[in-house]
1. How do Val41, Val85, Val65 line up, fewest other C-beta atoms within 10 Å first?
2. For the chain, what number of Lys pairs, 8 or more residues apart or on separate chains, have alpha-carbon atoms under 17 Å from each other?
3. Run the numbers for Glu93 and Met1: contour at 0.36 nm per residue of separation, minus the present Cα-Cα distance, in nm.
4. In what order do Ile107, Ile66 fall by count of nearby beta-carbon atoms within 10 Å, going from fewest to most?
5. With 10 angstrom as the radius, rank Glu23, Glu9 by how many other C-beta atoms surround their C-beta, starting from the fewest.
6. Using the Cα gyration tensor of the chain, with a ≥ b ≥ c the square roots of its eigenvalues, what is the shape: rounded (a/c below 1.5), prolate (a/b larger than b/c) or oblate (neither)?
7. What shape does segment 54-96 take by its C-alpha gyration tensor, where a ≥ b ≥ c are the square roots of the eigenvalues and a/c under 1.5 counts as rounded, a/b above b/c as prolate, and the rest as oblate?
8. Most fluctuating residue of Gly39, Gly60, Gly102 in a GNM of the chain with Cα springs under 10 Å: which is it?
Amino acid sequence: MRVLVLAKEGERSEGPATPPTPEAMAEFQKYNEELVKAGVVVGAGRLYPSSQGKRLRFDGKKRTVIDGPFPESKELVGGYWLWQVRSIDEAIEWLKRSPFDGGTYEIRQVLEMDGM
C-alpha cells in the first residue's frame, strides 16, 4: 500500500525557516537513508510557503483563483513523503522512529484504483 505522510506547517509557515543544527540535519539524513534503503520512500518534498501558492475554488461552472497566503497556517502542509509500506501500522512505526522533536504529521492511505 502507498501512504502519504503530510508534515503540517505549524505556526511559522510564512516566516523564514530556522535552519536545523548540523547534528539535527545529520540525524534526519540518517533516518531518510534508512527509509530509502528499506525501499519505503517513493517520493518526498518540501513545499514553498502558502504566500506563493494558489487555490482554485469550483462552484458549478465558475472557477475562482485565490492567491496565498492562506489563513489557518497550522493546518497547511509544508512537506510530504510518499511511502510504500505493508500497512498503516508499519508507516506509524517508521514515523515514530523519526528524529523530529516537534510538529504534527498525518498519514493517509493513497486510494489505489484499478488501471491507474
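Read-outs throughout are calculated quantities, based only on the coordinates presented, and are distinct from any laboratory measurement. Quick caveat: nothing in here was measured; it's all calculated off a predicted structure. Don't worry about glycine lacking a Cβ; one is built from the backbone with ideal geometry, like all the others, and counts go over all protein chains shown.
1. Fewest-to-most ranking of Val41, Val85, Val65: Val65, Val41, Val85.
2. 4
3. That works out to 31.6 nm of additional length.
4. Ile66, Ile107
5. Going from least to most buried by this count: Glu23, Glu9.
6. Details: a/c = 2.51, a/b = 1.24, b/c = 2.03.
Judged from the Cα gyration tensor, the chain comes out oblate (a/c at least 1.5, b/c at or above a/b).
7. Details: a/c = 4.08, a/b = 2.20, b/c = 1.86.
Prolate is the answer for segment 54-96, as a/c is 1.5 or above and a/b outweighs b/c.
8. Its mean-square fluctuation being the largest, the pick is Gly60.
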